[in-house]
Amino acid sequence: MSSFADTGSDLERTLDHAHPLLEAVSEEEASQRPRPEKWSKKEILGHQLDSASNNHQRFVRAALQGELTFPGYSQNELVKLQGFHAMKWDSLIEFWVAYNRFLATVLRRLPAEAESVRCVIGKNPPATLGWIAQDYVEHLKHHLNQILGETFATAYRAKTL
């Protein structure tokens, strides 16, 4: 397992690479849904903002309090409720980059002993906070690949968390 610092640095490098590529996607392209039931690129990035928000709380609360149980979340309902599809692509990018740069800093500040903190998310089996942090970055790369094509190396396979 890599350290929180390594995970934060991986996230920062990913942002540096992804940011200009995301900016090259047009508003029109970001708004298109490949099929009516599939998310647009805006909605995928919006889902990543939900993931950032949920994981931010996991990172800091578990690091401070020790073993914790967190609720799962209804990703499709949240994406629809928040209306990411109707938002401006450049605004979504700006917020996504800023929030994830903040999370990279947070990750680098977490104490090493918190990596082994046991967490339960929804109905998933227990996982360590270190694994959750790494999985967050892998999940982010997985969704960037959906938006940008196979650009980022990741072992992530769609899991539920």
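Here, each number is a calculation from the coordinates, and none is a lab measurement. All values derive from a computational prediction rather than experimental measurement. Cβ coordinates were reconstructed from backbone atoms using ideal geometry, including for glycine residues, and neighbour counts include every protein chain displayed.
Note on the stretch 25-65: Cα-Cα pairs beyond 13 Å make up 61% of the total pair count.
In the chain, Cα pairs under 8 Å separated by at least six residues give a relative contact order of 35 percent.
With a cut-off of 12 Å between beta carbons, the residues surrounding A104 carry a summed charge of 0, where Lys and Arg count +1 and Asp and Glu -1. The convex hull defined by the C-alpha atoms of the stretch 1-77 has an orientation-averaged projected area of 7.0 nm². Specify the inter-centroid distance of the stretch 38-96 and the stretch 99-149, based on alpha-carbon positions, in whole Å. Their Cα centres are 13 Å away from one another. A simple spin-label model places the labels of Q75 and R118 2.6 nm from each other, with each point 7 Å out along Cα-to-Cβ. Pair-distance distribution P(r) for the stretch 103-151, from all Cα-Cα distances in 10 Å bins starting at 0: 23, 43, 28, 6 percent.
Ranked by the mean number of other Cβ atoms within 10 Å of their residues, highest first, the peptides 6-12, 48-54, 145-151 fall in the order 6-12, 48-54, 145-151. Relative to the current alpha-carbon distance between S31 and H19, full extension at 0.36 nm per residue lengthens the span by 2.5 nm.
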